[in-house]
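Below is one structure, written out as structure tokens; comments come after it.
The values are calculated or read from the model by the stated rules, or taken from the named source; none is laboratory data. From a predicted model like this one, the values you see are computed outputs, not experimental measurements. A quick note on method: Cβ atoms are made from the backbone with ideal geometry, for glycine too, and the neighbour counts reach across all protein chains shown.
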């Protein structure tokens, strides 16, 4: 119950104009698709995997789910994973190794359906060196046993990659083991439930006054049996309460656990006294029931999101390995080979090699991509090393550019939307991402001293986030404890003078009745329900305290790029004479072959098209060209396209075009240009209007001011708009607001906001793909849910009010119970009934009120069942998430 | 009234058996992953018992 199945990014439906859909991966097929056994495939890669699985007797893969496969984007190369054979790397990765057999847990983000689970657990059929494998679907992990003598870890990784499940390795993420703490929590709750049920069984005769028929020996036996069964519940199941209460007392802080521990001790002690004195069966039924409910409340709140990490530092964003040049080549002389196209760009010999590699890979990699390159672990990267960065790869350390030209996308670090063109010798900062062809760079600083790492040395990252002493519950429990102990002492003192025999009884009765079960249950259950409801809307909260902090927010700071704006099809405009349908199809087919973000956006804006492209060529930093249906098409920067086209057609253009303009030439004639703009997300206007009245708003952008006017109109005159903000500027801005006593919520994405997210009272990370990496934050919000922010804040406020109402109910109940107990009138029978009734009423009130509020606010639909089972995630189109990752949060970690 | 004692003891025994079963299931990690088993059972034939010679390697 504590696991969450997350929905993957669902790609917009692509109309397969020609050729149908791939039998393996379901993507649209080209006009003349590769076919086998009457089944069509989108590429030879898919066909290869299909025939491989069939030969290995793994046909069932296709029966479990239609088109379950993952398109293999790039050739699987054993050499790419060579760094995994480094003993130092293996030490951090392997769960177990004895020389003969090793076990490793790999993160495989591509796992998405039942067929994946089945295939990966039948992996041993593909290679004799692989033993048992177990998949954890919620964590997207597979634990695989293998014999290192028969298959090396690098070969295992290559094999997984070749069938579409590319393992993901990142720095800083070491072994993620299921904590024994969770096992203990289950045992505690089970034992408490056992004690509760069985003691209740024995107490039933007393509730109805039937015990008299059995005589006093029955009462004695029931009493002692109850005490025996309650003992492990009090000592083991409730051990966390004792520990927290002791810790709280030593810090001289009256946390909620202090009155709970007092109450538990008082109930058990008075039960022992009663049983020993033959007065009654004690209160063990109420005691164990209370512990059981408290543990349930804790479990309810401790819902964790397996795939999400709220505490990532910069290391989590870096790949585990880089490609290093062994012998430095002369400057700018290395061949720049386009890595796009995956299997398209492979020769048939290489394709055969991939397949053969699955079975025959032993010691020698069959395919070595480029002579003189090696994959090394990032920890072994030294200053002065020359490394090769391919398209979309992240630069792990500050470096100098060796290749003649590069196009670096710093959106991840600075928020600047447009990639920066660099020339040889330029200084590149860590965190930049190469766009286009492969480049070669020389590192000038160690990884730990890079520009990115320096951001993490800020004070904001050292403070601990969760100071639970400030929580609403603890604020209430502080006075609650004082009042209860005061009343108990006063009652004891009063009866000491009037009737000393009643003194002890009234003292314990007050403690028993006032045991803050309602107080302890109201917050966990309400917040647990809120977290659960929001998770269904793809809004994930780090913990329950975030809700209280969200309710106190009065200032909201928004990041621009990626948060309010999105780089998608809406922002693509064509300037020039209208394109014909054929021309649109040609351009889209060409653009599809490049992984440059601009190409991808154009391809998506024009609609899917899969015409065969001949003589495809990508010139890094300039553009792409190819021949489609006999037409030569060029797509790229103005200078490059014009230089390759008929110059007479460049009619009357004044000045240089704005950044983000892509020119098109068909058969040597310039047809026009695509203007790529970041479009504001729909409904952002409404969101800002609804927030504007109640919160102080500010916009921080790392981008330049070219869109300032647009946002001034959107935000109105009161809001602060700041452009050209560095990550440190953003952090400082938040600090200044906080010094003025504002409670700040920062909404942002990417590493450039990491400092601000951490400094803010509530940091909201906006992600395009919830499984992708996001910076340290309190809330992870799916990008499409940004417009709901106002409602989420309202809901948080409502949740806090529900908890307060729960406290009032509990206070009234306590007033009633305590006054009777202090008067010395409380019968054990009444006490035994009142306690469970109050607990159950709080449970119903908290869960019911939170769900009802959510329905009323339209956050969940009225028709849906209260808690439907987690839906199976829709299959993520393998192509589209990577688009998001490059353009959007830029948080992909493709090692 | 001795029948009550027998009943109580029998009831407790049944309870203890189930408690033991629960402790075993929690310890063997059945609560660690509650999603995958639900998917695993959808596949017709469970993974074939792996031939011991395949994993016990010389």
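Against the test of being at pLDDT 80 or above, within 32 Å of the chain's Cα centre (by Cα) and under 20 Å from residue A:162 (Cα atoms), the options A:117, A:72 yield a single qualifying residue, A:117. The set of residues from segment A:83-103 being crowded, with 22+ Cβ neighbours inside 10 Å and closer than 28 Å to residue A:48 by Cα comprises A:83, A:84. Take segment A:87-104 and flag every residue that is closer than 30 Å to residue A:68 by Cβ, touching a helix residue (DSSP H, G or I) at 6+ places or on another chain (Cβ under 8 Å) and touching a residue at least 60 places away in the same chain (Cβ under 8 Å). Scanning segment A:87-104 gives a single hit, A:93. In segment A:693-715, what residues are modelled with pLDDT under 80 and either closer than 16 Å to residue A:747 by Cα or part of a loop (DSSP other than H, G, I, E, B) (or both)? A:693, A:702, A:703, A:704, listed by residue number. Report yes if residue A:70 is crowded, with 20+ Cβ neighbours inside 10 Å, under 30 Å from residue A:376 (Cα atoms) and not assigned by TED's automatic domain parsing to the domain that holds residue A:139, otherwise no. The answer is yes for residue A:70.
Only one of the numbered conditions (1) assigned by TED's automatic domain parsing to the domain that holds residue A:684; (2) touching a strand residue (DSSP E or B) at 6+ places or on another chain (Cβ under 8 Å) is violated by residue A:543, and that is (2). Quick check on segment A:670-691. Is at least one of its residues assigned to a loop (DSSP other than H, G, I, E, B), at positive phi, out of contact with any strand residue (DSSP E or B) (no Cβ under 9 Å at 6 or more places or on another chain) and at pLDDT 75 or above? Yes, because at least one residue in segment A:670-691 is assigned to a loop (DSSP other than H, G, I, E, B), at positive phi, out of contact with any strand residue (DSSP E or B) (no Cβ under 9 Å at 6 or more places or on another chain) and at pLDDT 75 or above. Within the bounds of segment A:171-186, is there any residue that is in contact with a strand residue (DSSP E or B) (Cβ under 9 Å, 6 or more places away or on another chain), modelled with pLDDT under 85 and crowded, with 20+ Cβ neighbours inside 10 Å? Among the residues of segment A:171-186, at least one is in contact with a strand residue (DSSP E or B) (Cβ under 9 Å, 6 or more places away or on another chain), modelled with pLDDT under 85 and crowded, with 20+ Cβ neighbours inside 10 Å, which makes the answer yes.
If you check A:728, A:719, A:756, which single one turns out to be under 15 Å from residue A:563 (Cα atoms) and at pLDDT below 85? Selected residue: A:756, the only one of A:728, A:719, A:756 that is under 15 Å from residue A:563 (Cα atoms) and at pLDDT below 85.
Surrounded by fewer than 23 Cβ atoms within 10 Å (Cβ to Cβ), modelled with pLDDT of 70 or more and either assigned to a helix (DSSP H, G or I) or touching a strand residue (DSSP E or B) at 6+ places or on another chain (Cβ under 9 Å) (or both): does that describe residue A:843? Yes, satisfied. Checked against the criteria, residue A:163 does not count as more than 10 Å from chain B (Cβ to nearest Cβ), surrounded by 23 or more Cβ atoms within 10 Å (Cβ to Cβ) and closer than 30 Å to residue A:227 by Cα. The helices (runs of 4 or more DSSP H) falling completely within chain B that include 1 or more residues that are more than 9 Å from chain A (Cβ to nearest Cβ), modelled with pLDDT under 80 and more than 30 Å from residue A:217 (Cβ to Cβ) map to B:52-55. Scanning segment A:187-210 for residues that are more than 10 Å from chain B (Cβ to nearest Cβ) and without any contact (Cβ under 8 Å) to a residue 12 or more places away in the chain yields A:204, A:208, A:209, A:210. For segment A:849-857, the condition holds for no residue, the condition being that it is in a loop (DSSP other than H, G, I, E, B), surrounded by fewer than 16 Cβ atoms within 10 Å (Cβ to Cβ) and either within 14 Å of chain B (Cβ to nearest Cβ) or at pLDDT below 70 (or both). Answer yes or no: is there a residue in segment A:476-487 that is within 29 Å of residue A:383 (Cα to Cα) and at pLDDT below 80. Looking for residues that are within 29 Å of residue A:383 (Cα to Cα) and at pLDDT below 80, one finds none in segment A:476-487, hence no. Among the conditions (1) in contact with a strand residue (DSSP E or B) (Cβ under 8 Å, 6 or more places away or on another chain); (2) more than 17 Å from residue A:84 (Cβ to Cβ); (3) buried (at least 20 other Cβ atoms within 10 Å of the Cβ), residue A:110 misses just one, which is (1).
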